[in-house]
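What follows is a single structure, written as structure tokens, with notes after it.
The values are calculated or read from the model by the stated rules, or taken from the named source; none is laboratory data. Since the structure is predicted, the reported quantities are computational estimates derived from the model, not experimental observations. Counting neighbours? That spans all protein chains shown, and the Cβs are built from the backbone with ideal geometry, glycine included. Accessible surface is based on the protein model in full, side chains and every heavy atom, while ligands, DNA and RNA are left aside. Shrake-Rupley method; radii C 1.70, N 1.55, O 1.52, S 1.80 Å.
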Amino acid sequence: MVPEPAVRHARTREQFGRPIGAFQAVQHLCAELLVRLETARAAVYAAAVTADPADIAAARLLADEAAVRGARDCLQVHGGMGFTWEAEVHLHLKRARVRAHRGGGGTESEELLAAGLLMEAG
């Protein structure tokens, strides 16, 4: 998963005599990455239990967003090195974007979720 390479790199890469993970901006990126991941994971587990189409659509949207934004944040932590072949971060980003757009992308899930919410409200 994407958080591990970002955290590992933040612990080992040094800048100004300190690991970059000691800088608040990098800490915030990693923390937000983890929060998005855990939120998406909980939504996917809930959708698996309920098998409700609206829950599945919401879980897909959250998981796709967590994957794409997480890969982008991981790339940000890696800096220019994230685009090189030595780091697999750019591959995570490409895969996340492809998966987010598969089968009609998020539009189908958004419409399904909106229809489910309208039925609950009505």
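Accessible surface for Glu65 stands near 80 Å², nearest 10, in the context of the full protein assembly shown (1.4 Å probe). Modelled spin-label separation between Glu120 and Arg8, with each label point placed 7 Å from Cα along the Cα-to-Cβ direction: 3.9 nm. Here's the picture: charge each Lys and Arg Cβ at +1 and each Asp and Glu Cβ at -1 in the range 12-61, and of Ala51, Phe16, Leu61 the one pushed furthest to the positive end of that dipole is Phe16.
Model label sites at Ala100 and Val49, defined 7 Å from Cα along the beta-carbon direction, differ in position by 2.8 nm.
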